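Scroll down for the structure; my scribbles are underneath it.
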Amino acid sequence: MGLEIDGGWGEGGGQIVRTAVSLACAQGKGIVVNNIRKGRKQPGLRPQHLAGINLAAEMCDADVKGLEVGSTNIEFRPGNNIGGRFKTDIGTAGSISLVLQACLIPALFAKGQTSLHIRGGTDVPLSPPTDFLSMVILPLLRKMNANIEMTIDQRGFYPSGGGVVNVDISPVGELKGIDISETGRFQSIIGNIASRNLPDHVPDRIQNAIVKYLSEYPIPKISKDSSKGPSTGVSLTLAAIYENTILGSSALGEKGLPAERLGEIASQGLKETMTTGATLDDHTGDQLIPFMFLANGPSTFKTPELSMHARTNLWVVQQFMERKVDVQEAGRTIIVTIE
C-alpha cells in the first residue's frame, strides 16, 4: 500500500498532494493520498495539480494510479530518480510556481542534473509569481546548499497564460539547515514590475507608489520588464534584502485595480512584515518547510503568522520523517525551530 496521507487534513488543498509527491520522489517511498481536496467546491484533482504530479512522476519514473481530473485518491510509487531533461505544458494559465513546488525537491535529490521546461502561467492569482521564486525563494535555498537557476523566457498572465520558464537544478547531495533567527543588517529593497501589452505609464505609476509608501527606507531599486507578449497583465514583486535573509511581497494586477493601488498593496505588505521583526514572510516560511525537514542540521525562522496552509505543510512532512518541531509565540512573530 505505502504510506497513507489524508489529503483532506487541515487546509486540505492541492499543496498536500504536491508536498507528498515531492517527498515520495526524494525518499523513494510509495504513497497513497486519499480525500484529495475533499472539502473544496470542486473536490479532487484539477488540471493544474495534474501537471505538477505528472511531471514529478516522469522525473522519478513513478507508477501512478488515479491521476485524472476529479480524482480524490492516488497511488504514487517512485522508481529511479536519475535526472534528465523534462518538459510540460500546463495549458492556459496554470501556475508554473505551483508545478515547481512538486518538482524542485525531486530534482535536488536526483542522481544527475535536471532541466525543466514549463509552459503555463507565470503571474496568476492564488500562487506566488515566478519573480517571487527567483528573488526570494531560490536565493534562500542557495543558502541551504541548493543550486537552482531559473530563467523566465516569456510571461504568462491570467487568463491567457503562454508563459515559458526554464529551470536547471544540480543534485544537492545534502541540504544544510539554516538559522534565520535574526535578520541581520538591512541592506536594500529591490523589486521588479513585469507588464505585457500595457502603456509605459502603468509601471511608472506603480514605481511612484512604491517610492511613496516605502519613503522611510532608502529608495528601492526597481527594474521594469515591459514588452509585448501572448498575454496581457502586470505584476509586482518586492524583496527586502538583509544580511541573513530576504523578505518578500507581491501583488497582481486585475481589471479595475489602479496602478497606484497595486504598488501600495505590495509595499504595505512588505512594510508590515519588516516591522514585525520576522525573518521570513509567511508565504516563504510555508514554502521552505519541506526543504528544512530534508536538511542536515536544525533550521530556525520567525514568521508573522503560521497559517493553516503552513501548519498543513508541517503535518505532511512529519508523516515522512521524524523531526522535533518547536513553535513559540514571540511578540509579533512566531518562532519555528526544526531540530
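No lab work stands behind these numbers, since they all come straight from the coordinates. Quick caveat: nothing in here was measured; it's all calculated off a predicted structure. Note that each Cβ is placed from the backbone with ideal geometry, even for glycine, and that neighbours are counted across all protein chains shown.
Observations on the structure shown:
- Summed over all non-identical Cα pairs, the Kirkwood treatment of the chain gives a radius of 20.2 Å.
- Restricting attention to the chain, close to 70% of DSSP beta bridges with both partner residues there are antiparallel.
- Counted residue by residue at 0.36 nm each, then reduced by the alpha carbon distance between them, the extension gain from Glu182 to Leu3 reaches 60.8 nm.
- Cross-link reach is defined here as a Cα-Cα straight distance under 20 Å, omitting same-chain residues fewer than 8 places apart; for Lys29 the lysines meeting it are Lys65, Lys111.
- All lysines inside 30 Å of Lys224 as judged from Cα atoms, apart from same-chain residues fewer than 8 positions distant: Lys87, Lys143, Lys212, Lys255, Lys271
- Loop sites in segment 182-212: trypsin sites (Lys or Arg not before Pro), DSSP, at most 10 other Cβ within 10 Å: Arg185
- Acute angle (nearest 10 degrees) that the helix 259-276 long axis makes with the longest principal axis of the chain, alpha-carbon atoms: 70 degrees
- Within segment 1-92, the GluC sites (Glu not before Pro) that combine a DSSP coil assignment with at most 13 other C-beta atoms in a 10 angstrom radius are Glu68.
- Rounded to the nearest 20 debye, the dipole magnitude of segment 163-261 is 420 debye, with +1 charges on Lys and Arg beta carbons, -1 on Asp and Glu beta carbons, and the Cα centre as origin.
- Inter-part distance where segment 61-77 and segment 195-254 are each reduced to a Cα centre, Å: 39 Å
- Simple spin-label estimate for Asp63 and Arg261 gives 5.4 nm between the two label positions (7 Å along the Cα-to-Cβ direction from each Cα).
- A straight Cα-to-Cα reach below 20 Å connects Lys228 with the aspartates and glutamates Asp123, Asp131, Asp153, Asp200, Asp204, Glu254, residues fewer than 8 places away in its own chain not being considered.
- Take the Cβ atoms of Lys228 and Arg85, set R0 to 30 Å, and the FRET efficiency comes out at 0.55.
- Among 246-252, 123-129, 149-155, the order from most to least packed when residues are scored by Cβ within 10 Å on average: 246-252, 123-129, 149-155
- Gain on full extension, evaluated as 0.36 nm per residue between Lys41 and Gln154 minus their Cα-Cα distance, stands at 37.5 nm.
- The helix-only estimate of mean residue ellipticity at 222 nm for the chain, built from DSSP H runs of length n ≥ 4 each weighted as -39500 (n - 2.57), is -9500 deg cm²/dmol after division by the residue total.
- Projected area averaged over orientations for segment 165-271, convex hull of C-alpha atoms, nm²: 8.6 nm²
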